[in-house]
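Before any comments, here is the structure.
The values are calculated or read from the model by the stated rules, or taken from the named source; none is laboratory data. What you see is a predicted model, and the numbers here were worked out from it, not measured in a lab. All Cβ positions, even for glycine, are placed from backbone atoms using ideal geometry, and neighbour counts span all protein chains on display. With ligands, DNA and RNA removed, areas are computed over all heavy atoms of the protein, side chains included. Shrake-Rupley method; radii C 1.70, N 1.55, O 1.52, S 1.80 Å.
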Amino acid sequence: MSDGPLGSLIPRNNCLQASTQRFFLAFYKGFSKIKRIISLFSVEGIEMSRVTLAQWQMLAAVVDHGGFARAAEAIHKSPSTLNHAVHKLEEQLGVQVLEPVGRQVRLTEAGELLLRRARQLIESAASLEDVATRLAAGLEAEVVVAIDQIFPAAAQAKALERFSEMYPQVRVQLHESVLNGGTEMLHDGRADLVVSGIAAQGYLGEPLVNVRFIAVAHPSHELHQLSRSLDLRDLTQHRQLVVRDSALRQSTNSGWLKAEQRWTVSHLNTSLDMLKRGLGFAWMPETRIADELSSGQLKPLPLSAGGVRMVPMQLIFRDRDQAGPAAHAMAQALKRGVSELCPKDSISSNESP
C-alpha cells in the first residue's frame with residue numbers, strides 16, 4: 001500500500017481481519033478524493049482575470065474620444081501607455097478589439113460586444129467606490145423609517161423618489177405603522193426616523209402636516225338613508241371599520257366609538273375597500289379618499305359634530321445628533337414632499353429643504 005498522509009495509520013498486522021483492512025483502505029481512498037475536490041476550490045486553484053479593469057477603462061476612453069491621442073489627453077495618460085494597454089488586452093484575450101480606419105480606430109464586432117459588457121463592470125466599480133467613499137464619510141448603509149399609514153401617500157412616494165435619486169445605494173426599510181406602532185419602534189431603537197400622529201414620550205418631534213379625517217360610508221349605506229343629521233347614537237348601531245394598532249405592547253382602540261359591530265383590519269387600503277363595498281363606516285384621511293369622494297363612491301356622513309377630525313403629524317428622529325446624512329436626507333425629502341403636495345396642510349418649519 002502507498003504511504004500517503006494516512007498510509008501510516010492503516011494497520012499492517014497479518015492477523016487483522018480482511019474486512020477491517022478493506023475498511024481502512026476505503027476510508028483512505030475516500031479521504032484522498034475529498035482532498036482533491038477541496039483543492040479545486042482553494043484560493044490557489046482560482047484563476048484570476050487576465051485583463052484588468054484599468055485596461056477596459058483605457059479601451060473605453062480610446063473609443064469614446066475617437067483615438068489614442070485624444071483619449072490620452074482626456075485621461076492624462078501617454079498615447080503609448082494606452083496603445084500598450086489595448087494591445088496587451090488583445091493579446092491576453094486572443095481577440096482583436098480595434099481596427100484601423102484611416103488615421104483613426106474603431107471597434108471590431110467582437111470589440112463592440114466585449115466593451116458593452118466591460119462598461120457594466122466599469123460602472124459597477126465606480127458605484128462601488130462611491131459607496132465606499134460615502135461609508136467612510138459616515139453614510140449609513142440602511143435607513144429604517146416608520147411612517148403612519150395616514151400620512152399622505154403622494155408625499156411619501158415623492159419623498160422616497162427624491163431620496164432614491166440622492167442616495168441610490170442606501171437601502172430603505174419602510175414600516176407602514178398604525179397609531180403607537182411607530183413610536184414603539186422608536187423606543188425600541190428599531191427605527192431611525194418616525195412619522196406619527198402620536199407624540200413619543202422622551203422625544204422632541206417636528207410638526208410636519210395636519211391630516212384631515214372625514215367620516216364616510218357608501219352612498220347606499222343605511223346611515224345615509226336616514227336622510228337627517230346623525231349623532232353618536234346613530235353610529236353605534238352600525239358596523240365601524242377600524243385599523244388595528246401596529247404596536248406589539250401598548251396598542252389602543254383610538255377612534256372606536258363602542259359600536260355594536262366592529263371590524264378591525266391591518267391596513268387603510270383594506271378599510272377603504274370595505275367602505276366602497278358598503279360594509280361599514282369609518283373615519284378616513286381625506287387624501288386617501290379624494291378620488292372616491294369626487295366620483296361618488298363614498299359620501300361624508302352628515303354628523304352634527306365630529307364629522308371631521310384633524311390629526312397633526314410629527315417627524316421624530318431617534319437621535320438627531322447621531323443620525324447620519326441619509327437619515328437627515330430622508331427627513332428633508334419628507335418635508336419637501338409635504339410642502340409641495342400638501343401645501344395647505346403643511347405645518348413644517350421654514351427650514352430650507
| request: Taking Ser339 as the residue in question, decide whether it is open to solvent by less than 70 Å² (accessible area, probe 1.4 Å) and closer than 14 Å to Asn210 by Cβ. | output: yes
| remark: Filtering helices (runs of 4 or more DSSP H) wholly in segment 265-353 for at least 1 residues that are at pLDDT below 95 and under 17 Å from Ala159 (Cα atoms) gives 325-341
| task | Read through the list (1) modelled with pLDDT under 95; (2) outside any loop (DSSP other than H, G, I, E, B); (3) surrounded by 21 or more Cβ atoms within 10 Å (Cβ to Cβ), then give the number of the only condition that Arg262 fails. | result | (3)
| Residues that are surrounded by 18 or more Cβ atoms within 10 Å (Cβ to Cβ) and polar (S, T, N, Q): which strands (runs of 3 or more DSSP E) entirely in segment 101-205 hold 3 or more of them? | none
| message | Whether any residue in segment 250-260 is within 29 Å of Ile347 (Cβ to Cβ), out of contact with any Asp or Glu (no Cβ under 7 Å at 6 or more places or on another chain) and hydrophobic (A, V, I, L, M, F, W, C) is what I want to check. | response | yes
| task | Scan segment 220-249 and report the pairs whose first residue is open to solvent by 30 Å² or more (accessible area, probe 1.4 Å) and whose second residue is of a type outside the set (Val, Ile, Thr) and not in a helix (DSSP H, G or I), with Cβ atoms within less than 6 Å and a gap of 6+ or a chain change. | result | Ser220/Gly278; Ser229/Pro302; Ser229/Ser304; Asp231/Ser304; Arg239/Gln261; Arg239/Gly280; Arg244/Ser266; Ser246/Ser177
| query | Given (1) in a helix (DSSP H, G or I); (2) modelled with pLDDT of 90 or more; (3) open to solvent by less than 60 Å² (accessible area, probe 1.4 Å), where does Glu73 come up short, assuming only one miss? | reply | (3)
